[in-house]
């Protein structure tokens, strides 16, 4: 019976870790990458580079939700 609980607990932790990682990759990582692109756009010297960085950031920022997340 104890071995069954250990298997259940390990499985539960593996599923939780998988869901946590998937949620991070789907939301937070994209926003952090967008922040990086916006930071690069601020420091670039050429307008073409600025435009490309902003376009990449806009591609990663979700259409709906809380836009304040992208500010530090």
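The values are calculated or read from the model by the stated rules, or taken from the named source; none is laboratory data. Not measured: the values here are computed from a predicted model. In this analysis, Cβ positions are derived from the backbone assuming ideal geometry, glycine residues included, and neighbour counts consider all displayed protein chains.
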*So residue 16, is it more than 21 Å from residue 66 (Cβ to Cβ) and out of contact with any helix residue (DSSP H, G or I) (no Cβ under 9 Å at 6 or more places or on another chain)*: yes
*In the range 59-72, which residue that is surrounded by 10 or more Cβ atoms within 10 Å (Cβ to Cβ) and assigned to a loop (DSSP other than H, G, I, E, B) is modelled with the lowest pLDDT?*
65
*Taking the residues in the range 31-46 that are closer than 12 Å to residue 61 by Cβ and crowded, with 16+ Cβ neighbours inside 10 Å as candidates, determine which candidate is farthest from the chain's Cα centre (by Cα).*
38
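Per-residue answers, yes or no, for (1) modelled with pLDDT of 95 or more; (2) exposed (fewer than 11 other Cβ atoms within 10 Å of the Cβ):
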site	(1), (2)
15	yes, yes
23	no, no
50	yes, no
57	no, no
*Tally the residues that are part of a helix (DSSP H, G or I) and out of contact with any helix residue (DSSP H, G or I) (no Cβ under 7 Å at 6 or more places or on another chain), restricting the search to the range 19-46.*
16
